[in-house]
Amino acid sequence: LLKEFKASEELLMSSEFEDFDRYSFLKNHTNKQLSLLAKGCKKWGVAMAENYELNPYAENLFQKDFFNLANFAPQGSPTISEEYIALGKKLFNDTSLSSKGDMSCATCHNSAKAFTDGLAVGIGNNGVKLQRNTPTLTYAGYQRTFFYDGRGDGLEGQIVGVTNNKNEFHIDMETLEKRVKQNEEYLKAFDSLYKGNVTSRNIRLAIATYIRSLAPFNSKFDRNMQGIETTLTTKEKQGFNLFMGKAACATCHFPPVFNGLVPPKFAESEFEHLGITKTDDFDSPILDDDPGMFYPYEVEERRGFFKTSTVRNTELTAPYMHNGAYKTLDKVVEFYNNGGGAGMGLEVPYQTLPADSLGLNEKEIKAIIAFMKSLTDKKYEANLD
């Protein structure tokens, strides 16, 4: 272990920022250190604290149990198992739980599209456009706040927001609970799993448990980092190195989830003001006027701030941004390369994204996109064109 620390230090000290091979370092050094630490602690009989966000015995940064998922769920949440997942999945797909009986969670969160809908903004039960784009639910369990503006403090709270929304489920939790109790199949499942307690809380826990299961960490990138296969191309590795380095994507999209879950404590989700435009016409940009985190407290310094989403499965989740304005990943990377709204000459006083151009050339942009596509989970690979 000491030899490995020394080798890593020497490599870091002898490397330059621009050409540092971050992919090889994480795979061959960081993961090796994790493995040696875990094995050493077990051999020495050192009891590691297991009630924190990180699994102290994880041997790979990109393994499924690197995080302690239970620490991202409220107390009393069930252990994720096939039985609990099956109940949550059935509730997730049940249209009878909406006021008109024509909408379920799956109406907007289509599993074939990595639990998005392919629309710029969601469509409500009355056919009216919703305020924002439908985000992926994959890896949603690894967040601290929910909705683009952060008004939800947990998956269970987010579910209440959807059910109460007049343009979505438009139903109160008491009525929803009664409808679940009228279903014999649900009664049997709740009798087995929740000791017969069909309550609003347990219904939300069941759905949230299903959503928390949507994080397999088995994309092509993960499988290569885990040593299961050696299929990552030179272009994809270059893209990862750019993502982590020159392009500065990882200053907000933190690995291994590649969302805004802030290390090292993983106690908060990050929000940024990027100066997002209304369309992807960057020659004549117009600043989007969605207030974002301005409400409910009407803090001007938070206007235009939105939660940092995951880039996992991003190949399937177009169009992009909270307003669905960018139709392709090329446009997304071009936007960042331009320095966001401020970099394109717009007045964005609180923009957190540096307005300077990243200086990425076309080849580098294509490499970053190739890397992001390597983050598509294995179950969705068959859905790609």
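Some notes on this structure:
- Scanning region 49-66 for residues that are touching a Pro at 6+ places or on another chain (Cβ under 8 Å) and touching a residue at least 12 places away in the same chain (Cβ under 8 Å) yields a count of 5.
- Taken together, Leu137, Leu97 contain a single residue that is within 23 Å of the chain's Cα centre (by Cα) and not small (Gly, Ala, Ser), which is Leu137.
- Hey, Ser200 within 16 Å of Lys90 (Cα to Cα), open to solvent by less than 50 Å² (accessible area, probe 1.4 Å) and among the small types (Gly, Ala, Ser) or not: yes
- Of the listed requirements (1) of a type in the set (S, T, N, Q); (2) closer than 20 Å to Thr145 by Cβ; (3) more than 23 Å from the chain's Cα centre (by Cα), Thr308 misses just one: (3).
- Checking Tyr210 against (1) in a helix (DSSP H, G or I); (2) out of contact with any Lys or Arg (no Cβ under 7 Å at 6 or more places or on another chain), the condition it does not meet: (2)
- Residue that is nearest to Thr136 (Cα to Cα), among those in region 224-283 that are of a type in the set (Asp, Glu) and open to solvent by 60 Å² or more (accessible area, probe 1.4 Å): Glu268
- The helices (runs of 4 or more DSSP H) found wholly in region 127-195 and carrying at least 1 residues that are open to solvent by 20 Å² or more (accessible area, probe 1.4 Å), more than 28 Å from Gln63 (Cα to Cα) and charged (D, E, K, R) occupy 173-181, 184-193.
- Residue match in region 188-205 (condition: under 26 Å from Lys265 (Cβ atoms), touching a helix residue (DSSP H, G or I) at 6+ places or on another chain (Cβ under 9 Å) and among the hydroxyl-bearing types (Ser, Thr, Tyr)): no
- Val46, sole failed condition from (1) within 28 Å of the chain's Cα centre (by Cα); (2) more than 25 Å from Phe221 (Cα to Cα); (3) open to solvent by less than 70 Å² (accessible area, probe 1.4 Å): (1)
- The set of residues from region 69-104 being of a type in the set (Val, Ile, Thr) and either in contact with a Cys (Cβ under 8 Å, 6 or more places away or on another chain) or touching a residue at least 60 places away in the same chain (Cβ under 8 Å) (or both) comprises Ile80, Ile85.
- Selection from region 83-105 of residues that are open to solvent by 70 Å² or more (accessible area, probe 1.4 Å) and either of a type in the set (A, V, I, L, M) or at pLDDT below 95 (or both): Lys100, Asp102
- Filter result for Glu18 (out of contact with any Cys (no Cβ under 7 Å at 6 or more places or on another chain), more than 30 Å from Phe190 (Cβ to Cβ), touching a residue at least 60 places away in the same chain (Cβ under 8 Å) and open to solvent by 60 Å² or more (accessible area, probe 1.4 Å)): yes
- Considering only residues in region 106-126 that are aliphatic (A, V, I, L, M) and closer than 17 Å to Ile207 by Cα, the one that is surrounded by the fewest Cβ atoms within 10 Å (Cβ to Cβ) turns out to be Ala106.
- Residues located in region 328-385, provided they are within 23 Å of the chain's Cα centre (by Cα), assigned to a loop (DSSP other than H, G, I, E, B) and surrounded by fewer than 14 Cβ atoms within 10 Å (Cβ to Cβ): Thr328, Leu384, Asp385
- Tally, over region 70-106, of residues that are aromatic (Phe, Trp, Tyr) and more than 25 Å from Glu53 (Cα to Cα): 1
The values are calculated or read from the model by the stated rules, or taken from the named source; none is laboratory data. On a predicted model such as this, the values are computed, not experimentally measured, just so you know. Every residue, glycine as well, gets a Cβ built from its backbone with ideal geometry; the counts of neighbours run over all protein chains shown. These accessible areas exclude ligands, DNA and RNA; they are computed on the full protein's heavy atoms, side chains included. Shrake-Rupley method; radii C 1.70, N 1.55, O 1.52, S 1.80 Å.
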